[in-house]
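What follows is a single structure, written as structure tokens, with notes after it.
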Amino acid sequence: MTDLSILSGKTYFIRTFGCQMNLHDSERVSGLLDSLGCLQALDPKDADIVIFMTCCVREAADTRLYGQCSSCKSLPASPSGRRVVAVGGCIAQRDGEGLLTNLDNVDVIFGTHSIAHVGDLLADAFADGDRHVRVEEIDSGAATEMPWHRETAYHAWVPIMTGCNNFCSYCIVPYVRGREKSRPMEEIVDEVTGLVRQGVRSVTLLGQNVNSYGRDHGSAPRFAELLRRVGETGVERIYFTSSHPKDLLPETIDAIAEVPAVMPQLHLAVQSGSSRILKLMNRKYTREQYLDLVDRVRDRIPDIALTTDIIVGFPGETEEDFEQTVTLVDEAKFAQAFTFIYSKRAGTPAAEIDDPTPRSVIQQRFDRLVRHVETTAFDYNQRFLGTTVPMLIEGTSKKNDAVLQGKSPWNQTVHCPVPEGMDARQLIGKILDVRVDAARTWYLSGSSLGDPR
Ligand code: SAM
Ligand code: SF4
Ligand code: F3S
């Protein structure tokens, strides 16, 4: 039995890469370490434990780990005199013990299904000075029962399911996160009810494809029902991500339209506008079906902020295929889009497809696509000019601490000057009405009306 008391009083630092799933896993790891008496450090140099929560969805994220780990070697001695370096997340799950060969200063490796064991692994590393690895194929501990250290008091990431069954041909996620596993509905509703009691006003429900929530429990997907139940908890803002177009049901669109707390925002990753490429990607919908879905959503929720993910340069993408993506962006009028250059991931089916397209051509396509997205995002925001939007205050703008920054119900960034005589720090988590007098591509700005609440 590992003696966890060795961790008491140790300082820890966590750096997180990748998606919200990793962010939430980091919150659970922090919660566990806090419960064992560890103290969070804001800089790796002040930490006895440095943890990297890694991502391998694209090559850029992958290569960063090596630099980060080796930079730990030049840090001054840690407060306790011994520093343990740990690697968790998706690269740890993919490479497991193999990482020890290339990362000679790493002491602990833990996979995505093993975060409940991170305390034991770290304590063992401090106790015996050896290297410890735990990578499993399925969850061996209930991560959702672990304590939870949230970065913000007013918002929480709430995983409703883990894993993915879709195997899009370019994507590594199903290999590092396993198959879909939904949490029981009562557990999620109880968790959100508890969060509301603690003062949380906004939640984001997380899953790689929330639309198939509940399918692994042997029923039809129950995401619409979950939205309605979470809507009864008293939480003021509900967001969710991500939503696979092939599984978005009419009852879910109804729930978004009808449940007041479900915000008018939908992330519906399209990936490509070419039906030929979508087939090669194994996305299971065509361009026409996607655009038809967009029409159905807009019929029901006209002002919805539709956001998306797009990959440029999938192997074999022709100029004609790319043109289809550009016209789809114009037609779907996205409020925002995350655009990525295709990155070959070993072990995925797309990695086997040869691609003669020069990198410079793909870069030109990417730049052109970004310009179209900027236009649709700018156009979307214009409808808010002269309106009043309730901003949930997150803090101040990075560039100017006299300007508050927050989120609108449509998930847009909003800026407004700190009201006279008020302290910005006291306003975090409050909602303030903002009269929009400028609508830019990536944010709205205006002046405050009334009191924060
Ligand atoms: N499950 C989510 C969905 O389907 O909407 C996406 C999760 S993935 C973490 C986020 C985005 O990364 C994907 O939507 C896709 O656009 C992008 N992505 C995944 N694999 C990629 C690859 N090999 N190269 C470039 N982008 C990739
Ligand atoms: Fe990856 Fe596709 Fe699953 Fe999203 S739905 S995580 S893109 S395999
Ligand atoms: Fe990256 Fe893993 Fe998320 S590969 S995008 S951190 S599920």
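The values are calculated or read from the model by the stated rules, or taken from the named source; none is laboratory data. What you see is a predicted model; the values in this text were computed from it and never measured. Cβ sites come from the backbone with ideal geometry, for glycine too, and all protein chains shown count toward neighbours. Each accessible area value is taken on the protein alone, full model and side chains, heavy atoms only, with ligands, DNA and RNA left out. Shrake-Rupley method; radii C 1.70, N 1.55, O 1.52, S 1.80 Å.
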Q. Counting only the heavy atoms of the protein chains, how much of Arg383 is accessible to a 1.4 Å probe, in Å² to the nearest 10?
A. 120 Å²
Q) In what order, largest first, do Ser408, Ser242 sit by accessible area if the probe radius is 1.4 Å? A) Ser242, Ser408
Q) Amide H to amide H under 5 Å from Phe240: which residues, 5+ apart in sequence or cross-chain, H placed 1.01 Å off N in plane? A) Leu205
Q) At a probe radius of 1.4 Å, what is the per-residue accessible area of His372, in Å² to the nearest 10? A) 50 Å²
Q: Could you tell me the distance between the Cα centroids of region 220-269 and region 274-312, to the nearest Å?
A: 17 Å
(Q) With a 1.4 Å probe and all protein chains left in place, how much accessible area per residue does the chain have, in Å²? (A) 43 Å²
Q: Could you order Asp128, Asp48 by accessible surface area, starting with the largest, using a probe radius of 1.4 Å?
A: Asp128, Asp48
Q: Just round it to a whole percent: the fraction of Cα-Cα distances in the chain exceeding 41 Å.
A: 19 percent
Q. Taking every DSSP beta bridge that has both residues in region 1-130, what percent is antiparallel when rounded to the nearest 5?
A. 0 percent
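What Kirkwood Rh does region 92-231 have if only Cα atoms enter the pairwise 1/r average? Answer in Å.
Roughly 17.0 Å, rounded to one decimal.
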Q. Whole number please: convex hull volume per residue of the Cα set in region 355-394, in Å³?
A. 110 Å³
**Q.** Surface share of carbon and sulfur [accessible, 1.4 angstrom probe, percent] for region 1-120
**A.** 52 percent
(Q) Run through region 232-318 and list the chymotrypsin sites (Phe, Trp or Tyr not before Pro) located in a DSSP loop whose Cβ has at most 10 other Cβ atoms within 10 Å. (A) none
Q: Determine, for each peptide in 16-22, 189-195, the mean count of other beta carbons within 10 angstrom over its residues, then list the peptides with the highest first.
A: 16-22, 189-195
Q.
How high is the relative contact order of region 92-150? Use alpha-carbon pairs under 8 Å, at least six apart in sequence, and give a whole percent.
A. 37 percent
(Q) How long are the semi-axes of the equivalent ellipsoid of region 150-382, defined as square roots of 5 times the Cα gyration tensor eigenvalues? Whole Å, largest first. (A) 32, 21, 16
Q: Let me have the relative contact order for region 368-409, percent, based on Cα pairs under 8 Å that are six or more residues apart.
A: 30 percent
Q) Accessible area, 1.4 Å probe, largest first: how do Ile341, Ile115 sort? A) Ile341, Ile115
Q.
Spelling out what I want: for every residue of region 298-314, take phi, set θ = phi - 60°, compute 6.51 cos²θ - 1.76 cosθ + 1.60 (Karplus), and round to whole Hz; glycine and proline get x.
A. 5, 4, 8, 10, x, 8, 4, 8, 8, 10, 7, 10, 9, 10, 9, x, 4
